[in-house]
Amino acid sequence: MKNSWIERKKTNPIFVGNVGVGGDHPISIQSMTNTNTADIKATVGQIKELEAAGADIVRVSVPDKDFFSNLLIIFLAKLIFSILM
């Protein structure tokens, strides 16, 4: 979409997964979960809700290394859910 009153700043493109950000890519919708990452069920549920609402990118906080293993479980649960649906 090209509007004469909006001038986009030229930026270097990057990819977050398969979502292009910057450059000539369209503006991506992104959000962040606000659940406790230790609550895997709630975090996966919120990721699915954000995806259903149209989010292209969902960020999840990992406050310390103890939460990292939960992030792996969340990623795998999301991957399995995507394959099954």
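When segment 22-67 is examined, which residues are found to be of a type outside the set (Asp, Glu), surrounded by fewer than 11 Cβ atoms within 10 Å (Cβ to Cβ) and over 30 Å from residue 11 (Cβ atoms)? Please lay out each step first, then the result.
Let us first name the residues in segment 22-67 that are of a type outside the set (Asp, Glu), namely 22-23, 25-38, 40-48, 50, 52-55, 57-63, 65, 67.
Cutting the leftovers down to surrounded by fewer than 11 Cβ atoms within 10 Å (Cβ to Cβ) gives us 26-27, 34, 41, 52-54, 63, 65.
Within segment 22-67, 41, 65 meet the criteria.
It is to be established whether one or more residues within segment 20-33 are under 23 Å from residue 65 (Cβ atoms) and at pLDDT 90 or above.
Keep residues of segment 20-33 that are under 23 Å from residue 65 (Cβ atoms), which gives 32-33.
When the remaining residues are screened for being at pLDDT 90 or above, the result is 32-33.
Within segment 20-33, one or more residues are under 23 Å from residue 65 (Cβ atoms) and at pLDDT 90 or above.
Can you list residue pairs whose Cβ atoms sit under 8 Å apart, with the first residue in segment 54-67 being under 16 Å from residue 17 (Cα atoms) and the second being at pLDDT 85 or above and of a type in the set (Asp, Glu)? Count only pairs 6 or more apart in sequence or on different chains.
Once the first residue is under 16 Å from residue 17 (Cα atoms) and sits in segment 54-67, its partners that are at pLDDT 85 or above and of a type in the set (Asp, Glu) give 58/51.
Only one of 38, 42 is modelled with pLDDT of 80 or more, over 28 Å from residue 25 (Cα atoms), of a type outside the set (Ser, Thr, Tyr) and in a helix (DSSP H, G or I); which?
On the way: 38 fails: in a helix (DSSP H, G or I).
After applying the criteria, what remains is 42.
Is it fair to say residue 3 is polar (S, T, N, Q), at pLDDT below 90 and either touching a helix residue (DSSP H, G or I) at 6+ places or on another chain (Cβ under 7 Å) or exposed (fewer than 13 other Cβ atoms within 10 Å of the Cβ) (or both)?
For residue 3, the condition - polar (S, T, N, Q), at pLDDT below 90 and either touching a helix residue (DSSP H, G or I) at 6+ places or on another chain (Cβ under 7 Å) or exposed (fewer than 13 other Cβ atoms within 10 Å of the Cβ) (or both) - is met.
For segment 54-85, name all the residues that are within 12 Å of the chain's Cα centre (by Cα) and not in a helix (DSSP H, G or I).
From segment 54-85, those within 12 Å of the chain's Cα centre (by Cα) are 54-61, 75, 78; that's our starting set.
54, 55, 56, 57, 58, 59, 60, 61 - these are the residues of segment 54-85 that are within 12 Å of the chain's Cα centre (by Cα) and not in a helix (DSSP H, G or I).
The values are calculated or read from the model by the stated rules, or taken from the named source; none is laboratory data. Please read these numbers as outputs of a predicted model, since none were measured by experiment. No Cβ is skipped: glycine too gets one built from the backbone with ideal geometry, and neighbour counts run over all protein chains shown.
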